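Trainee: Structure below; questions to follow.
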Amino acid sequence: MTLTTRPPSPARPGALASPGRAGLSDRSFRSLTLGCGLLVLVILGLITISTTQEAWPAFTHDGLRFFTSDRWAPSADAFGSLPFVYGTVVTAVIALVIAVPISVGMALFLSDVAPRRLRRPVSSLVDLLAAVPSVVYGLWGVIVLAPWLAGIYGRVSDVTSPVPVLSNLFEGPSSGRSLFTAGLILALMVTPIITSISREVFDTVPTTAKEAAYALGSTRWEMIRAAVFPHSRAGVVGGVMLGLGRAMGETIAAALVIGSSPQISARLFGSGDSMAAVIANEFGEAGGLHRAALIGLGVELFAITILVNLIARHVVGRAGVRS
Amino acid sequence: MAAVPLAFVVAYLLHKGAGIVDWGFLTDDIPISSRLPGPGMGPAVLGTLLITGAATAMAVPLGVLAALYLNEYGKRGRLASVIRFLADVMAGVPSIVMGLFIYTVWVLRYGQTGFAGALSLACLMLPIVIRSAETALQLVPSELREASAALGARTSRTILTVVIPAALPGVVSGALLAVARAAGETAPLLFTIGTVNAANTSLLDGTNTALSAQIFGNARLPFDAAIDRAWGAALTLIALVFALTFIARVVARRFTVR
């Protein structure tokens, strides 16, 4: 800005005020705000650098074994991250399988089916669901849900034991603290996010398209399939991926109900572990290489969630909805 | 449909927690032996208030200033777009990674303190504040800015005297939501604040504790007394979070210039 060096002309805003010191204060304010903006860059950069640095001993300890081995035995200096990646992915997938139909259904209900009077209170209720801290979900999950589910798991595994594939998935017995329970709680936590994004996307469907569908004689469900879904597919997918990112990064609720046993097994009702959960559970007593390995898991988690978020943004951006 | 589980959780919480929360619970020290029954969560309540408060004091001004840059100065420029993009990326960073980050850059050097916890919460809050503040600023009609400029005010003066007052309800509402989120967070605090049994009013001296961390710690213990305390702490925490969220809603609705 050269306000201070050129003679003031009435056409330029701000030039009517006295130049010189005035320009300086404007420029310093601008620099102040710019500095704060750059803070974001600095912090992100620091996160990447410092965590990778701390985790480096674990990464190089055994060649690439950190990323490919499925054995996690801190006492034997064996740090393979696969069981946790598996756990993170499985619980997130379970969460999505449960949450997406419910969320999309609720969003449809809120935007197209519900009477106007219901819309505001139910939306507020959903937002309130999102505000509940994850510890509280975790506490409820480990004290109430897990024991209750243990009985149900037992019955499901009894029923499916003669069936070949299903018996592997649902083999019992189970303490209730399992991959599936964690997935269930994650579903509860992820539903509000997906619901509100989906609702926003559904609301952007032009009314003319909906009315055209009705004019052609379609029922409400047919109208939704013909006018709402095609228009909002990308936006909803983006919302789902954001929910996925959240589910993968969720630490506390998972740490309490997942069972904490680093193993890869097909038993959905069996214990497992996720990246975030194991960091939370083992960090307190970890030293040296163990600690570096846990930080390394954090780096891995960081990378994966950023990737998921980037893909989500790209997909949502294409749909034209700013999430 | 999904409201049913929420009702379950809250009802159960009220039932379990109501039996335990009273003034003594909120102010007494945490028993050293978790096996014993009895109050309270005083240090945790204090810790949550102090740490969240400090985080807010750091994140809100910095976030609002950054949002000011994005909306008033940078607008659609290259740098502003990069910052906006990175702020969104930062919003997606798992909270435990933030905790690990502060652990590596601060705690390893200065030990576990309430302030370290505040730093990690502030990092979590920053992108939320930036995004909501920017949205609030965008809603301020440009006619206001143009009128102020036409009267001869510099951009910085326009911002301070016209834009910020107009955007204030939106900014405050967004900030309150960020505070509510931070108050409920546990993961970033796990490695940064340690734990105490007696109230610690200093942020820089010695370890501290918070409601969320206490819930997590107590939930894993096999003692009934510990679990009861966890429920009480959960009720207190949820009351705090809901209150903040509710106030944020009211502020946004009542005071926004339509």
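The values are calculated or read from the model by the stated rules, or taken from the named source; none is laboratory data. Note that the structure is predicted; figures quoted are calculated from it, not measured. All Cβ positions, glycine included, derive from the backbone under ideal geometry; neighbour counts span all protein chains shown.
Trainee: Does B:Arg254 qualify as being surrounded by fewer than 22 Cβ atoms within 10 Å (Cβ to Cβ) and out of contact with any strand residue (DSSP E or B) (no Cβ under 7 Å at 6 or more places or on another chain)?
Mentor: Details: surrounded by fewer than 22 Cβ atoms within 10 Å (Cβ to Cβ): yes; out of contact with any strand residue (DSSP E or B) (no Cβ under 7 Å at 6 or more places or on another chain): yes.
Yes.
Trainee: Answer yes or no as to whether B:Leu240 is at the interface with chain A (Cβ under 10 Å from one of its Cβ atoms), buried (at least 24 other Cβ atoms within 10 Å of the Cβ) and at negative phi. Full working, then the answer.
Mentor: On the way: at the interface with chain A (Cβ under 10 Å from one of its Cβ atoms): yes; buried (at least 24 other Cβ atoms within 10 Å of the Cβ): no; at negative phi: yes.
Judged against the criteria, B:Leu240 is not a match.
Trainee: Oh, and also: Given the structure, is A:Gly20 modelled with pLDDT under 85 and surrounded by 15 or more Cβ atoms within 10 Å (Cβ to Cβ)?
Mentor: No: the conditions fail for A:Gly20.
Trainee: Report yes if some residue within segment A:79-98 is surrounded by 16 or more Cβ atoms within 10 Å (Cβ to Cβ), more than 8 Å from chain B (Cβ to nearest Cβ) and free of Cβ contacts under 8 Å to residues at least 24 places away in the same chain; otherwise report no.
Mentor: yes
Trainee: Which ones in segment A:124-147 are assigned to a helix (DSSP H, G or I) and of a type in the set (Val, Ile, Thr)? Don't jump to the end; show me each part of the working.
Mentor: Just the residues of segment A:124-147 that are assigned to a helix (DSSP H, G or I), to begin with: A:124-131, A:134-147.
Scanning segment A:124-147 gives A:Val126, A:Val135, A:Val136, A:Val142, A:Ile143, A:Val144.
Trainee: Sticking with this one: Kindly establish whether B:Ser173 is part of a helix (DSSP H, G or I), within 22 Å of B:Phe115 (Cβ to Cβ) and under 13 Å from the mean Cα position of the chain (by Cα).
Mentor: Working: part of a helix (DSSP H, G or I): yes; within 22 Å of B:Phe115 (Cβ to Cβ): no; under 13 Å from the mean Cα position of the chain (by Cα): yes.
No.
Trainee: Look at segment B:124-156 and say how many of its residues are surrounded by fewer than 24 Cβ atoms within 10 Å (Cβ to Cβ) and β-branched (Val, Ile, Thr).
Mentor: 4
Trainee: Could you please let me know if B:Asp224 is farther than 17 Å from A:Ala253 by Cα, at pLDDT 75 or above, out of contact with any Phe, Trp or Tyr (no Cβ under 6 Å at 6 or more places or on another chain) and acidic (Asp, Glu)?
Mentor: On the way: farther than 17 Å from A:Ala253 by Cα: yes; at pLDDT 75 or above: no; out of contact with any Phe, Trp or Tyr (no Cβ under 6 Å at 6 or more places or on another chain): yes; acidic (Asp, Glu): yes.
Answer is no for this residue.
Trainee: Got at least one residue in segment A:207-229 being touching a residue at least 60 places away in the same chain (Cβ under 8 Å), within 14 Å of chain B (Cβ to nearest Cβ) and in a helix (DSSP H, G or I)?
Mentor: The answer is no, given that none of the residues of segment A:207-229 is touching a residue at least 60 places away in the same chain (Cβ under 8 Å), within 14 Å of chain B (Cβ to nearest Cβ) and in a helix (DSSP H, G or I).
Trainee: With the requirement that a residue be surrounded by 22 or more Cβ atoms within 10 Å (Cβ to Cβ) and either of a type in the set (A, V, I, L, M) or touching a Lys or Arg at 6+ places or on another chain (Cβ under 6 Å) (or both), what does segment A:146-161 give you? Lay out the reasoning, then the answer.
Mentor: So in segment A:146-161, the residues surrounded by 22 or more Cβ atoms within 10 Å (Cβ to Cβ) come out as A:146, A:149, A:153.
Answer for segment A:146-161, where residues must be surrounded by 22 or more Cβ atoms within 10 Å (Cβ to Cβ) and either of a type in the set (A, V, I, L, M) or touching a Lys or Arg at 6+ places or on another chain (Cβ under 6 Å) (or both): A:Ala146, A:Leu149.
Trainee: Still on this structure: So in segment A:278-317, with the set limited to residues that are in contact with an Asp or Glu (Cβ under 7 Å, 6 or more places away or on another chain) and more than 23 Å from B:Ala213 (Cβ to Cβ), which one is nearest to the other protein chains (Cβ to nearest Cβ)?
Mentor: A:Arg313
Trainee: If you check every pair at least six apart or on different chains, which have Cβ atoms under 7 Å apart with a residue in segment A:230-245 that is touching a residue at least 24 places away in the same chain (Cβ under 8 Å) and over 24 Å from A:Met275 (Cβ atoms) first and a residue that is basic (Lys, Arg) and part of a helix (DSSP H, G or I) second?
Mentor: Once the first residue is touching a residue at least 24 places away in the same chain (Cβ under 8 Å) and over 24 Å from A:Met275 (Cβ atoms) and sits in segment A:230-245, its partners that are basic (Lys, Arg) and part of a helix (DSSP H, G or I) give A:Ala234/A:Arg318.
Trainee: Here's another thing I want to ask about it. Please verify whether A:Gly238 is of a type in the set (Gly, Ala, Ser), surrounded by 19 or more Cβ atoms within 10 Å (Cβ to Cβ), within 14 Å of another protein chain (Cβ to nearest Cβ) and touching a His at 6+ places or on another chain (Cβ under 9 Å), treating the condition exactly as stated.
Mentor: Details: of a type in the set (Gly, Ala, Ser): yes; surrounded by 19 or more Cβ atoms within 10 Å (Cβ to Cβ): yes; within 14 Å of another protein chain (Cβ to nearest Cβ): yes; touching a His at 6+ places or on another chain (Cβ under 9 Å): yes.
Here the answer is yes, as A:Gly238 does meet what is asked.
Trainee: Moving on to the next point. Take segment B:210-226 and flag every residue that is assigned to a helix (DSSP H, G or I), of a type outside the set (Gly, Ala, Ser) and more than 23 Å from A:Ile279 (Cα to Cα).
Mentor: We begin by selecting, within segment B:210-226, every residue assigned to a helix (DSSP H, G or I); these are B:211-219, B:224-226.
Add one more test, that the residue is of a type outside the set (Gly, Ala, Ser), and what stays is B:211, B:214-216, B:218, B:224.
If the condition is that a residue be assigned to a helix (DSSP H, G or I), of a type outside the set (Gly, Ala, Ser) and more than 23 Å from A:Ile279 (Cα to Cα), then B:Asp224 is the only one that fits.
Trainee: Next up: Considering only residues that are surrounded by fewer than 21 Cβ atoms within 10 Å (Cβ to Cβ) and more than 7 Å from chain B (Cβ to nearest Cβ), which ones fall in segment A:39-55?
Mentor: Within segment A:39-55, A:Val42, A:Gly45, A:Thr48, A:Ile49, A:Thr52, A:Gln53 qualify.
Trainee: Taking segment B:42-59 as the search range and keeping residues that are within 22 Å of B:Ile159 (Cβ to Cβ) and within 11 Å of chain A (Cβ to nearest Cβ), which one is surrounded by the most Cβ atoms within 10 Å (Cβ to Cβ)?
Mentor: The first filter runs over segment B:42-59 and keeps only residues within 22 Å of B:Ile159 (Cβ to Cβ), leaving B:56-59.
In the following step, the residues that additionally are within 11 Å of chain A (Cβ to nearest Cβ) were identified as B:58-59.
Values: B:Met58: 18, B:Ala59: 26.
In this case the residue turns out to be B:Ala59.
Trainee: Among the candidates B:Ala149, B:Ala153, which residue alone is free of Cβ contacts under 8 Å to residues at least 24 places away in the same chain, within 11 Å of chain A (Cβ to nearest Cβ), aliphatic (A, V, I, L, M) and touching a Pro at 6+ places or on another chain (Cβ under 6 Å)? Can you show your working first?
Mentor: Numbers: B:Ala153 fails: touching a Pro at 6+ places or on another chain (Cβ under 6 Å).
The unique qualifying residue is B:Ala149.
Trainee: Testing A:Ala76 on (1) of a type in the set (Gly, Ala, Ser); (2) in contact with a Lys or Arg (Cβ under 9 Å, 6 or more places away or on another chain); (3) surrounded by fewer than 19 Cβ atoms within 10 Å (Cβ to Cβ), one condition comes back false. Which one is that?
Mentor: (2)
Trainee: Still on this structure: Given the condition surrounded by 22 or more Cβ atoms within 10 Å (Cβ to Cβ), aliphatic (A, V, I, L, M), under 30 Å from B:Arg229 (Cβ atoms) and at pLDDT 85 or above, answer yes or no: does some residue in segment B:79-95 qualify?
Mentor: Within segment B:79-95 (the criterion being surrounded by 22 or more Cβ atoms within 10 Å (Cβ to Cβ), aliphatic (A, V, I, L, M), under 30 Å from B:Arg229 (Cβ atoms) and at pLDDT 85 or above), the answer is no, since none of the residues qualifies.
Trainee: If I ask for residues that are more than 9 Å from chain A (Cβ to nearest Cβ), farther than 15 Å from A:Ile49 by Cα and not β-branched (Val, Ile, Thr), which ones from segment B:88-118 would you list?
Mentor: Taking segment B:88-118 first, the residues more than 9 Å from chain A (Cβ to nearest Cβ) are B:102, B:106-107, B:109-118.
After this cut, where a residue has to be farther than 15 Å from A:Ile49 by Cα as well, the list is B:107, B:109-118.
Correct list: B:Arg109, B:Tyr110, B:Gly111, B:Gln112, B:Gly114, B:Phe115, B:Ala116, B:Gly117, B:Ala118.
Trainee: Something else: Only residues that are touching an Asp or Glu at 6+ places or on another chain (Cβ under 8 Å), of a type outside the set (A, V, I, L, M), part of a helix (DSSP H, G or I) and more than 17 Å from B:Pro94 (Cβ to Cβ): list them for segment A:45-85, please.
Mentor: Selection gives A:His61, A:Phe67, A:Pro74, A:Pro83.
Table: residues versus (1) modelled with pLDDT under 80; (2) assigned to a loop (DSSP other than H, G, I, E, B); (3) basic (Lys, Arg).
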{"residue": "A:Ala255", "(1), (2), (3)": "yes, no, no"}
{"residue": "A:Asn281", "(1), (2), (3)": "yes, no, no"}
{"residue": "A:Gly284", "(1), (2), (3)": "yes, no, no"}
{"residue": "A:Leu294", "(1), (2), (3)": "no, no, no"}
{"residue": "A:Ile306", "(1), (2), (3)": "no, no, no"}
{"residue": "A:Arg322", "(1), (2), (3)": "yes, yes, yes"}
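Trainee: If you don't mind, another one. Among the residues of segment B:73-111, which ones are of a type in the set (Gly, Ala, Ser), closer than 19 Å to A:Arg313 by Cβ and touching a residue at least 40 places away in the same chain (Cβ under 8 Å)? Can you show your working first?
Mentor: Narrowing segment B:73-111 to residues of a type in the set (Gly, Ala, Ser): B:74, B:77, B:80-81, B:87, B:91-92, B:95, B:99, B:111.
Narrowing the set further to residues that are closer than 19 Å to A:Arg313 by Cβ leaves B:80-81, B:87, B:91-92.
The answer is B:Ala87, B:Ala91.
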